[in-house]
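The values are calculated or read from the model by the stated rules, or taken from the named source; none is laboratory data. Computed from a prediction, not measured in an experiment: that's the story for all the values here. Cβ placement follows ideal geometry from the backbone for every residue including glycine, while neighbour counts extend to all protein chains displayed. Keep in mind that these areas ignore ligands, DNA and RNA; they rest on the heavy atoms of the full protein, side chains included. Shrake-Rupley method; radii C 1.70, N 1.55, O 1.52, S 1.80 Å.
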Amino acid sequence: MQQNNTILIKGGRVISPKNRLNGVIDVLIANGTIEKTGKALNIAADRVVDAKGMYVVPGLIDMHCHFREPGFEEKETIQTGAQAAAAGGVTTVAVMPNTNPVVDNETVVKFIMDRARDAAIRVLPIGAISHNQEGAVLSEIGLMRRAGIVAVSEDGKSVMDSGLMKNAMRYCTMDDTLIISHCEDPGLSKGGVMNEGRISSMLGFKGIPKIAEEIMVARDIMIARDTGARIHIAHVSTKGAVELIRAAKKDKMRITAETAPHYFTLTDDIIVNFNPNHKMNPPLRNKEDVEAIIKALADGTIDAIATDHAPHTIDDKDMEFDQTPNGVVGLETSVGVTLTHLVHKKKITIERMVELMSVNPAAILKIDHGQIAQGKRADITIIDPSKPWTVDSKKFRSLGKNTPFEGMKLRGKAVVTIVNGNVVYEE
Amino acid sequence: MSLTIKHLLGLRSVPKEDITLILDTAKGFQEVLSRDIKKVPTLRGQTVVNLFFENSTRTRISFELAEKRLSGDTVNFSSAGSSVKKGETLKDTIRNIEAMKIDMVVVRHQSAGVPKYLTECTNAVIINAGDGSNEHPTQALLDMLTMRDRWGALKGLKVAIVGDILHSRVARSNMWGLATMGADLWVCGPETLIPQYMQEFKGVTYTNNLDKALKNAKVVMALRIQLERQSTGLFPSINEYRARWGITAQRLEKSGCSDALIMHPGPINRGIEITTDVADGPNSAILTQVTNGVATRMAVLYLLGGGREHAAE
Ligand SMILES: [Zn+2]
């Protein structure tokens, strides 16, 4: 990434919970690094950003994205995904390995890292747990780790062979490699196209029961307890899963969890409209689940908000509901949705939002980001907390227009995104 | 009088007044069908496409006859499989057909929601002829017409629907429609073939006990048991199904419903969900249902299409 000149961010409210900064503080950036923070800095800079009335927060980190490259470049590329992230205020993403070829060896990891070098933001690869995500043989976890992966995951499915999962977890303890668990028992979910419940009964759709997720959360907690591995539960969508994670945390296990904005805002009642942009896996659940997830975000049971950004082409999604692929985009709406539905409604504080979207993902991925402090790399997001806007997928930078929030009125948006001292997005 | 609905996608949110109007109109068409010249000019100049993505000769023929009796121009388009399998999207199919200037589309598709989807990509009037396991509204309407003809009123009428409720669009449409009309509807079958969350269907009672479902019922409707459900682990065997939920003369007599109207949306697995003596017995309305199907579909086509203009004359 090119080095920029000096930038002075003036008059904004800096919120950096990790080093307990919260107040109107100026930030000086030079050589890609945070040079200085302080009240009313009176220093000449090449560029002065007026951040009055804005939140100045450590660059946001989305630890669950699908950038589709290599293999599905018509849906998204590392370049377009990174542009979408920048527009959403996200400075670092971790990308899932279900590409074609699957990220299960050093070569593919290096390919992604190579492509990521020219991207607007930081793109960190996640490797598959098993070869070709087939659940039979371990992938080259150690070699991929050396090449730069930040975690392993079979995302898209669970490793169904509990023996292999135990081996994977034991193997990962050697380098303390994070295992991200996509929790889904296919015996229960097979053929399902939405949450199993009132609405699926009503519409005659095969449902994906909540226990399909919870059984695998319980199993992975048990294997992690047995092996001492560090696990992270991806896209938590049910109250039962929240309770299992809460209990495991009470037992002082090394477990973390994430959820996505659609799981704390939408329910399966919306499926009566048969809109394919409301179809994802795990599916939208019920009100009690939404409430449990909001509570878990507030009380620390869930550590991170990650979007599970899963772009598809318009053609992929414009067909029979049960035939369309799972997945929705999220990078360009997560700040607005989280501010509007959680912060402005006083379900969580803005400090907590910064923890969920920056501090904690950095800690989980063990990367040196997630705080605004002297000497740290200058990844910074400036958010206008009250800017009103309406979600319009036509304006997305992502190739994926499949948002579940189309037309939603939001308040709050990232207005400047700085990565490594460079402004990569502003409006 | 005209309908509040613009399309017939299902019976879920169709008001009682609309259902009554369709049934009353169908009553009039029953009379037309008994004449020597069974044609009326209602749909003259209008083109109706029967868009069938799933094989159903019976339903298609019934619609086609109804369209012809109303003097409409009929085009049949059959294509098996989903967008993915066919390599042409549903949207392209419907746009192509619409470019040929059509007025109404009768659609049958294996995916729930397709009729609603079509309302978003064409201006034609859409009539659902069965979507996935969701709804088959004209079947339920013809069922209600048949029940009403036999017993006078639907309100308070005890109706038992027995069989694979879970996968049945006929059952769902009947559940919505009969509940709206105030019938005393019972559904019965193995627990695994009943939707797990039945509370959504207000006014519908469900039980696994066939004798309870049949007790003093005025209408007994058996549903087809798809033989492949057994291999997917939903019930142990046809033999066990027949023994526990098969409709026989003895079961009917034991439950005090020997005079119940016997219905079945067809095609029948004789000797499995219903015995031949019951299916062909004096109370069987199975063929009457077929006849009423044409009258009911004429009513729907008339009220949603030609009826609107003709009513103004
Ligand atoms: Zn996943």
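Taken together, the criteria place A:A292 among residues that are over 17 Å from the mean Cα position of the chain (by Cα), more than 16 Å from the ligand (Cβ to nearest atom) and not acidic (D, E).
All of (1) within 14 Å of chain A (Cβ to nearest Cβ); (2) buried (at least 16 other Cβ atoms within 10 Å of the Cβ); (3) among the basic types (K, R) hold for B:R148 with one exception: (1). Please verify whether A:V354 is crowded, with 21+ Cβ neighbours inside 10 Å, closer than 20 Å to A:D26 by Cα and either in contact with a helix residue (DSSP H, G or I) (Cβ under 7 Å, 6 or more places away or on another chain) or of a type in the set (S, T, Y) (or both), treating the condition exactly as stated. It is true that A:V354 is crowded, with 21+ Cβ neighbours inside 10 Å, closer than 20 Å to A:D26 by Cα and either in contact with a helix residue (DSSP H, G or I) (Cβ under 7 Å, 6 or more places away or on another chain) or of a type in the set (S, T, Y) (or both). Applying the set (1) within 10 Å of another protein chain (Cβ to nearest Cβ); (2) open to solvent by 10 Å² or more (accessible area, probe 1.4 Å); (3) free of Cβ contacts under 8 Å to residues at least 24 places away in the same chain to B:G113 leaves exactly one unmet item: (2).
Test B:I5 against the criterion of being under 14 Å from B:P137 (Cα atoms) and surrounded by 22 or more Cβ atoms within 10 Å (Cβ to Cβ), and give yes or no. The answer is no for B:I5.
Has region A:256-264 got any residue that is within 16 Å of the ligand (Cβ to nearest atom), open to solvent by 10 Å² or more (accessible area, probe 1.4 Å) and either over 30 Å from A:G71 (Cα atoms) or out of contact with any Phe, Trp or Tyr (no Cβ under 8 Å at 6 or more places or on another chain) (or both)?
Within region A:256-264 (the criterion being within 16 Å of the ligand (Cβ to nearest atom), open to solvent by 10 Å² or more (accessible area, probe 1.4 Å) and either over 30 Å from A:G71 (Cα atoms) or out of contact with any Phe, Trp or Tyr (no Cβ under 8 Å at 6 or more places or on another chain) (or both)), the answer is yes, since at least one residue qualifies.
Residues in region A:153-206 that are on the phi > 0 side of the Ramachandran plot and within 24 Å of the chain's Cα centre (by Cα) were compared, and the one that is nearest to the ligand (Cβ to nearest atom) is A:G156.
Of the candidates A:A296, A:A306, the single residue that is in contact (Cβ under 8 Å) with a residue 24 or more places away in the chain and surrounded by 23 or more Cβ atoms within 10 Å (Cβ to Cβ) is A:A306.
Given the condition charged (D, E, K, R) and open to solvent by less than 20 Å² (accessible area, probe 1.4 Å), answer yes or no: does some residue in region A:35-54 qualify? No - not one qualifying residue is present in region A:35-54. Residues of region B:168-186 that are buried (at least 21 other Cβ atoms within 10 Å of the Cβ) and either within 12 Å of chain A (Cβ to nearest Cβ) or part of a helix (DSSP H, G or I) (or both): B:S168, B:R169, B:V170, B:A171, B:R172, B:S173, B:N174, B:M175, B:W176, B:G177, B:L178, B:T180. Please work out if A:C172 is crowded, with 23+ Cβ neighbours inside 10 Å, assigned to a loop (DSSP other than H, G, I, E, B) and in the same structural domain as A:H232 (by TED's automatic domain parsing). Against the criterion (crowded, with 23+ Cβ neighbours inside 10 Å, assigned to a loop (DSSP other than H, G, I, E, B) and in the same structural domain as A:H232 (by TED's automatic domain parsing)), A:C172 does not qualify.
Considering region A:80-110, and only residues there that are farther than 16 Å from A:N132 by Cα and part of a loop (DSSP other than H, G, I, E, B), the residue that is nearest to the ligand (Cβ to nearest atom) turns out to be A:G88.
Looking only at region A:100-138, count every residue that is open to solvent by less than 10 Å² (accessible area, probe 1.4 Å) and hydroxyl-bearing (S, T, Y) and tell me the total. Number of matching residues: 1. Selection of helices (runs of 4 or more DSSP H) fully inside region B:198-279 by the criterion of at least 1 residues being open to solvent by less than 70 Å² (accessible area, probe 1.4 Å) and within 14 Å of another protein chain (Cβ to nearest Cβ) returns B:228-231.
Those residues that are part of a loop (DSSP other than H, G, I, E, B) and within 16 Å of the ligand (Cβ to nearest atom), I need them from region A:111-149; list them, please.
At the first step, the residues of region A:111-149 found to be part of a loop (DSSP other than H, G, I, E, B) are A:117-121, A:126, A:128-129, A:134-137, A:139-140, A:148-149.
Matches in region A:111-149: A:I126, A:A128, A:I129, A:G135.
Within region A:358-378, being within 26 Å of A:G38 (Cα to Cα) and open to solvent by 10 Å² or more (accessible area, probe 1.4 Å) holds for A:V359, A:N360, A:A363, A:I367, A:D368, A:H369, A:Q371, A:A373, A:Q374, A:G375, A:K376, A:R377. If the condition is being among the hydroxyl-bearing types (S, T, Y), open to solvent by 50 Å² or more (accessible area, probe 1.4 Å) and in contact with a Leu (Cβ under 8 Å, 6 or more places away or on another chain), then region B:8-33 contributes no residue at all.
The condition of being at pLDDT below 95, in contact with a His (Cβ under 7 Å, 6 or more places away or on another chain) and of a type in the set (D, E) holds for only one of B:E120, B:E88, B:E98, B:E54, that being B:E54. With respect to (1) in contact with a strand residue (DSSP E or B) (Cβ under 9 Å, 6 or more places away or on another chain); (2) within 14 Å of chain B (Cβ to nearest Cβ), the lone exception for A:G336 is condition (2). Inspection of region A:378-393 identifies no residue that is modelled with pLDDT of 95 or more, under 26 Å from A:I180 (Cβ atoms), in contact with a helix residue (DSSP H, G or I) (Cβ under 6 Å, 6 or more places away or on another chain) and not aromatic (F, W, Y).
Residues in region B:39-79 that are open to solvent by less than 70 Å² (accessible area, probe 1.4 Å) and either outside any strand (DSSP E or B) or among the hydroxyl-bearing types (S, T, Y) (or both): 24 in all.
Can A:I233 be described as among the aliphatic types (A, V, I, L, M), open to solvent by 20 Å² or more (accessible area, probe 1.4 Å) and either within 16 Å of the ligand (Cβ to nearest atom) or out of contact with any strand residue (DSSP E or B) (no Cβ under 9 Å at 6 or more places or on another chain) (or both)? Judged against the criteria, A:I233 is not a match. Would you mind stating whether A:I215 is part of a helix (DSSP H, G or I), of a type in the set (A, V, I, L, M, F, W, C), open to solvent by 10 Å² or more (accessible area, probe 1.4 Å) and touching a helix residue (DSSP H, G or I) at 6+ places or on another chain (Cβ under 6 Å)? Spelling it out, it is not the case that A:I215 is part of a helix (DSSP H, G or I), of a type in the set (A, V, I, L, M, F, W, C), open to solvent by 10 Å² or more (accessible area, probe 1.4 Å) and touching a helix residue (DSSP H, G or I) at 6+ places or on another chain (Cβ under 6 Å). Of all residues assigned to region B:94-105, at least one qualifies as being outside the structural domain of B:H264 (by TED's automatic domain parsing), over 26 Å from B:L142 (Cα atoms) and open to solvent by less than 20 Å² (accessible area, probe 1.4 Å).
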